[in-house]
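All of the numbers you see were taken from the coordinates with simple rules; none came from a lab. Quick caveat, the model's predicted, so the values are computed rather than measured. No Cβ is skipped: glycine too gets one built from the backbone with ideal geometry, and neighbour counts run over all protein chains shown.
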Amino acid sequence: MLASAQGKNLNRYVPDYVLFDLETTGISCNCDEVIEISAVKVRSGTIVDSFSSLVNPGRPIPWGASQVNNITDEMVSDAPTMEEILPVFLNFFGDDVLVGHNIEPGSYTNQPPPHRHLS
């Protein structure tokens with residue numbers, strides 16, 4: 001996995017971007033899975049679109065994770081897998097700058113970062 005990959009700082013104002021968050025089965029990008037992806041698309045400071053999907057991790061969600069994020073096995077049982085939802089999410093943000101908190105590119109998708117990082 002690319003858990004050690006890091007994005008670059010962008011030291012200029014960007015009016016258009018996508019802010020996203022992941023919920024996971026735990027805190028390790030090496031052995032835990034994404035169970036929810038949520039995002040908002042921002043244009044000049046205004047939210048213009050949103051994206052949210054539960055993700056079926058293909059394994060039981062640990063009790064402790066469910067206590068933190070309130071997502072249960074039953075909730076994700078019919079949800080798409082990461083392989084199914086990732087292309088939809090990539091299409092949602094297109095070429096926009098991605099903004100995330102505690103997210104390392106590729107860490108939960110076992111994929112390289114989908115875009116070049118801005119410098």
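The H on the amide N of Glu33, modeled in the peptide plane, is under 5 Å from the matching H of Thr25, Gly26, each at least 5 residues off or on a different chain. Neighbours of Asp96, meaning other residues whose beta-carbon lies under 9 angstrom from its beta-carbon, give a summed charge of -1 when Lys and Arg score +1 and Asp and Glu score -1. How would region 41-106 be classified by its alpha-carbon gyration tensor: rounded, prolate or oblate, with rounded meaning a/c under 1.5 and the a/b versus b/c comparison settling the rest? Cα axes put region 41-106 in the prolate bin.
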